[in-house]
Amino acid sequence: MKETLEKGNHVLMDFEKASDIHYLRWLIIDDKNSPFTKEEDKGRSPKLVYSSNFDGSVEKHLDDLSSDGLKPIQDPNHPHAIDPNENLMDQIYGCCTDYPEPGNRTPDTRKKFFKANIVKVAAFYRGSPRRSVKQILQENDLRIHLKQLLEDRPWNGATALEMHRTLQKEILEDPKFSWAKEKFKMPRINYFKLGLLGLVILILLPVVLIWVIIVQLGYEKKDKYYENYRSDLNAEKVEILEEYEDLTAGENTDESDPHVKNMVINYQNQFSQLVDLKPGKVRRITFKAMMLFARVLIPIQFVDGRLMNIPTIHFARWVLFDDEKRVLFFSNFDGSWQQYLGDFIDQSGWGLTAIFSNTTVFPKTNWLGLTGILSMRNIMPTSKNFFPGGAYNEEHFLAWSRDTELPTDIWYSAYPELSIKNVNNNSWIRVLLQKNLNKKKAKKFFELI
């Protein structure tokens with residue numbers, strides 16, 4: 001399946017036709033034969049994990065997964081490895097315990113199995129709110145078409161306003177772009193709710209400060225912390241993790257090269273991570289409080305394609321599971337692993353630290369990393385006692401991130417050639433195309449194209 005996807009043949013579930021799945025991944029955890037499974041977890045049962053970002057309701061998505069009509073994977077190189085007569089989900093989940101037995105595999109029995117194994121999300125981020133896969137692809141087609149029109153015509157010294165009006169009339173009269181007439185409003189920060197949240201935080205501030213002191217003096221100083229560097233990590237494991245991170249920038253465009261001809265140019269990356277929560281109610285409450293804060297804050301403030309001022313994340317998800325003892329973190333982002341985590345450290349190290357310092361063997365942290373908001377901006381001295389540590393301790397944090405990362409067996413993106421900035425810019429192009437612009441906004445319109 002992985003090889004099929006890498007060649008650009010997205011046969012999985014006919015995703016190109018379904019047009020409602022942005023990203024998905026499958027990975028296996030707790031496999032005793034995997035070098036990524038810790039010794040203490042090798043006694044656990046192996047688990048197949050599925051995560052997806054989709055449009056519409058959960059019920060609709062489960063109906064799609066449970067359908068009889070999903071095409072099977074066929075492997076001509078290993079014809080006896082899988083049964084080509086089975087449904088795709090049957091091929092995959094037939095290897096899982098409690099999945100319906102052959103002869104009893106129907107949409108209803110499959111859906112019942114999937115529902116029984118759903119794990120609720122603890123917090124979730126989306127970089128392009130209110131946009132479906134269909135809309136994202138349509139708006140990208142619109143930008144490409146507009147760019148082609150600009151390049152193909154002389155325009156004879158027309159002003160930006162005149163060019164905008166010409167393109168507006170032509171596009172909105174074109175039946176192919178009839179959807180572009182529908183009004184779309186870009187998501188905005190909800191300052192009213194943000195103000196209410198700030199008021200609640202102000203009221204709770206004494207409790208928060210007392211709690212941070214309890215965590216720092218009663219727990220953090222006693223906890224074991226992460227001290228390895230990346231040079232200390234298992235080279236074989238790192239090589240496996242890097243396999244999906246070799247981004248193709250398209251420099252080699254020699255179509256006679258079979259490798260290039262079949263290559264999918266992918267500007268995006270993925271990250272899967274599994275960590276244990278530190279024992280005790282205090283750590284669990286702290287982690288869940290941070291997740292609650294994220295669930296409230298994200299849809300209010302982070303709606304313009306930037307999470308904590310990081311403009312590269314498409315989707316991110318935290319999942320608390322296994323009796324609230326372990327955490328899975330998934331993200332889909334642009335660029336390299338190093339750049340992605342570097343952005344996190346620079347822009348939201350305090351948020352990362354406040355969340356993940358509650359997990360086992362994290363780099364040494366002070367005050368849940370909250371002093372990072374002040375000390376990293378030179379408002380508070382970066383002394384030994386007040387330096388936030390955690391994610392701000394870059395070398396240890398990068399090594400910890402690699403050490404807790406898991407290989408993703410299957411990863412799918414519906415628009416691998418688009419960055420989150422591209423997605424949001426394309427939406428702005430569509431919005432500005434519909435309006436009567438002044439000179440300044442007309443120039444902005446063409447800058448986006």
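The values are calculated or read from the model by the stated rules, or taken from the named source; none is laboratory data. All of these numbers come straight from a predicted model, not from anything done at the bench. Note: ideal-geometry Cβ built from the backbone for every residue, glycine included; neighbour counts use all protein chains shown.
Yes/no per residue for (1) closer than 16 Å to Pro129 by Cβ; (2) in a helix (DSSP H, G or I); (3) not basic (Lys, Arg):
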{"residue": "Phe397", "(1), (2), (3)": "no, yes, yes"}
{"residue": "Ser401", "(1), (2), (3)": "no, yes, yes"}
{"residue": "Tyr412", "(1), (2), (3)": "no, no, yes"}
{"residue": "Asn425", "(1), (2), (3)": "yes, yes, yes"}
{"residue": "Leu437", "(1), (2), (3)": "no, no, yes"}
{"residue": "Lys440", "(1), (2), (3)": "no, yes, no"}
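Considered as a group, the residues in region 270-293 that are surrounded by fewer than 20 Cβ atoms within 10 Å (Cβ to Cβ) and among the small types (Gly, Ala, Ser) include one that is modelled with the lowest pLDDT, and that residue is Gly280.
Matching residues to (1) out of contact with any strand residue (DSSP E or B) (no Cβ under 6 Å at 6 or more places or on another chain); (2) touching a residue at least 40 places away in the same chain (Cβ under 8 Å); (3) on the phi < 0 side of the Ramachandran plot:
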position	(1), (2), (3)
Tyr125	no, yes, yes
Arg131	yes, yes, yes
Asn140	yes, yes, yes
Pro175	yes, no, yes
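The combined condition, being in contact with a strand residue (DSSP E or B) (Cβ under 6 Å, 6 or more places away or on another chain), closer than 14 Å to Met291 by Cβ and in contact (Cβ under 8 Å) with a residue 40 or more places away in the chain, is fulfilled by Val327.
Applying the set (1) modelled with pLDDT of 95 or more; (2) among the polar types (S, T, N, Q); (3) under 30 Å from Arg284 (Cβ atoms) to Asn140 leaves exactly one unmet item: (3). In the set (1) of a type in the set (D, E, K, R); (2) more than 28 Å from Asn228 (Cβ to Cβ); (3) at pLDDT 90 or above, the condition left unmet by Glu395 is number (2).
Identify all residues within region 362-384 that are buried (at least 20 other Cβ atoms within 10 Å of the Cβ) and either within 28 Å of the chain's Cα centre (by Cα) or at pLDDT 80 or above (or both); write none if there are none. Phe362, Pro363, Thr365, Asn366, Trp367, Leu368, Gly369, Thr371, Gly372, listed by residue number.
If you check Ser413 against the conditions, is it modelled with pLDDT under 90, in the same structural domain as Val133 (by TED's automatic domain parsing), buried (at least 17 other Cβ atoms within 10 Å of the Cβ) and among the hydroxyl-bearing types (Ser, Thr, Tyr)? Taking the combined requirement at face value, the residue satisfies it.
Taken residue by residue, region 297-315 has at least one member that is at pLDDT 95 or above, under 16 Å from Val49 (Cβ atoms) and in a strand (DSSP E or B).
Per the conditions (1) out of contact with any helix residue (DSSP H, G or I) (no Cβ under 7 Å at 6 or more places or on another chain); (2) assigned to a loop (DSSP other than H, G, I, E, B), the sole criterion not satisfied by Glu170 is (2). Scanning region 41-66 for residues that are of a type in the set (Gly, Ala, Ser) and touching a Phe, Trp or Tyr at 6+ places or on another chain (Cβ under 8 Å) yields Ser51, Ser52, Ser66.
Screening region 208-232 for residues that are hydroxyl-bearing (Ser, Thr, Tyr) and surrounded by 16 or more Cβ atoms within 10 Å (Cβ to Cβ) and picking the one that is nearest to the chain's Cα centre (by Cα) gives Tyr226. Counting the residues of region 330-360 that are in contact with a Lys or Arg (Cβ under 7 Å, 6 or more places away or on another chain) and part of a strand (DSSP E or B) gives 2.
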